[in-house]
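Inspection log for the structure reproduced underneath, given as structure tokens.
Taken together, the values in this text are just the output of simple stated rules run on the coordinates, not laboratory data. Being a predicted model, the structure only gives us computed values, none of them experimental.
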Amino acid sequence: MEWLETSTANCSVQRTLDVIGEKWTLLVLREAFNGVRRFDDMRRHIGVSEPILADRLRTLVAVGVLRTEPYQVAGMRARKQYRLTEKGLDLFPVLISLLQWGDRYCADDDGPALIVTERATGSAVEAVVTPVGSTRALTAYDTVASIGPGARPARSD
């Protein structure tokens, strides 16, 4: 079976985009990775409407990317804050890849607005593709995709 003969209904890229493939969702994740946990702080910093943010947070909690924790400011009602789960933390390379690409092709002439570094050394981080068990960086030209065991035939119309 060749790629064009397969159904894309169970494609991992497509399913991932169903969860995180929307601008506001990625910006919510950016905020979460940068330590922003409260709804009002996210809304103000991103510049998103309350209904859209509420919807994105509900979705990310429902799929297990974020979890809620209660908090309460003295004299105020109890509210929820949002924290990344292990599943959410696994999206870190995705965000770093987007940041890297944006720094290369979209940053202002002054340079990037955000720099991510290793906490222990202060060294800048980057996302790279490596063969399993190796540290050698690969490009798209060094790889080949093949049909996996979960591939299904496309329906012919």
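State, as an integer percentage, the relative contact order of the chain based on alpha-carbon contacts under 8 Å between residues 6 or more apart.
So the answer I get is 26 percent.
Relative contact order of segment 71-137, please, whole-number percent, based on alpha carbon pairs below 8 angstrom and at least 6 residues apart.
19 percent
Counting only helical runs of four or more DSSP H residues, what would the 222 nm mean residue ellipticity of the chain come to if each run contributes -39,500 (n - 2.57) and the total is spread over all its residues?
-11000 deg cm²/dmol
Can you give me the three principal axis dimensions of segment 80-125 from its C-alpha atoms, in Å, biggest first?
Largest first, segment 80-125 extends 38, 25, 20 Å along its Cα principal axes.
Per residue of segment 15-25, in order, report the coupling 6.51 cos²θ - 1.76 cosθ + 1.60 (Karplus, θ = phi - 60°) as ³J(HN,Hα) in whole Hz, putting x for Gly and Pro.
3J(HN,Hα) across segment 15-25, in whole Hz: 5, 5, 5, 4, 8, 10, x, 10, 3, 5, 5.
How big is segment 1-75 along each principal axis, measuring the range of its Cα positions in Å and listing the largest first?
63, 23, 22
How long, wide and thick is the chain, going by the Cα atoms along their three principal axes, in whole angstroms, largest first?
64, 44, 32
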